[in-house]
Amino acid sequence: MQQHRETAVFGGGCFWCLEAVFQQIKGILSVTSGYAGGTMENPNYRVVCEGDTGHAEVVRIEFDSSVISYRELLEIFFSSHDPTTPNRQGNDVGEQYRSIILYTSEAQKKIAEAYIQELTVMGVFPNKIVTQVQPLGKFYEAEAYHQDYYNKNPDQPYCQLVISPKLAKLRSRHSKLLKAPRR
């Protein structure tokens, strides 16, 4: 079967969380933590955390669309964070933690907007969805110590208290989309 490589970029709180979630999914070729959605060139973690760059913590997901669809990625994204809290996910507060979809094509934009409309009509969330849908400008890769963070630091308190429960929720809601466990 021929691989159909596409890119999706999502922000929904700390990038460590989304990175750990999407690394578990069939058809995901790579997940890279980074910064996007703002105006500052060459941002780093320190300045993004100050909240003046306009950038969000995001993940760039390279996926095989012959294995998993963009819509399925959106389903995972919306079930992995709270898209109704502006500039906040749990204890992480600031515009760098906002819910954002940075589309790479007009087709992705249409799919994302239609899916948000569907969630709204169905009343899936008790509050209004505030997820921004914007074209992807430049993606800036985060520092090396942010990459593959959960797998390298599973016993770190943030990983145990925040990421591990998200992964448990992922396993219960999206079991059919999970990669086979490593042996």
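The values are calculated or read from the model by the stated rules, or taken from the named source; none is laboratory data. What you see is a predicted model, and the numbers here were worked out from it, not measured in a lab. Here the Cβ positions follow ideal geometry from the backbone for every residue, glycine too, while neighbour counts run over all protein chains shown. Note: areas computed on protein heavy atoms with side chains; ligands, DNA, RNA excluded. Shrake-Rupley method; radii C 1.70, N 1.55, O 1.52, S 1.80 Å.
Here the spin labels are modelled as points 7 Å beyond Cα on the Cα-Cβ line, and at Tyr145 and Ala114 they lie 4.4 nm apart. Where the accessible area of the chain is counted over protein heavy atoms with a 1.4 Å probe, how much of it, in %, is carbon and sulfur? Ligands and nucleic acids excluded, carbon and sulfur give 50 percent. Over the chain, accessible surface divided per residue gives 52 Å², non-protein components excluded, 1.4 Å probe.
Each eigenvalue of the Cα gyration tensor of region 138-181, multiplied by 5 and square-rooted, gives one semi-axis; in descending order these are 22, 16, 10 Å. Beyond 24 Å in Cα-Cα separation lie the following of the pairs Lys109/Lys166; Lys138/Lys169; Lys109/Lys179; Lys128/Lys176; Lys26/Lys152: Lys109/Lys166; Lys138/Lys169; Lys109/Lys179; Lys128/Lys176. Once the Cα-Cα distance is subtracted from the 0.36 nm per residue extended length, the Asn44 to Ala168 segment shows a gain of 41.6 nm.
Compare the peptides 72-81, 98-107, 137-146, 121-130 by average per-residue count of other Cβ atoms within 10 angstrom and give them in order, highest first. Walk me through the numbers before you get to the answer.
Working: 72-81: 20.7, 98-107: 19.1, 137-146: 14.8, 121-130: 10.7.
Highest to lowest by the protection proxy: 72-81, 98-107, 137-146, 121-130.
Of the residues Leu178, Thr104, Ser30, the one whose Cα sits farthest towards the positive end of the charge dipole of the chain is Leu178 (charges of +1 on Lys and Arg Cβ, -1 on Asp and Glu Cβ, taken about the Cα centre).
The distance from the alpha carbon centre of region 29-73 to that of region 1-26 is 10 Å, rounded to a whole number.
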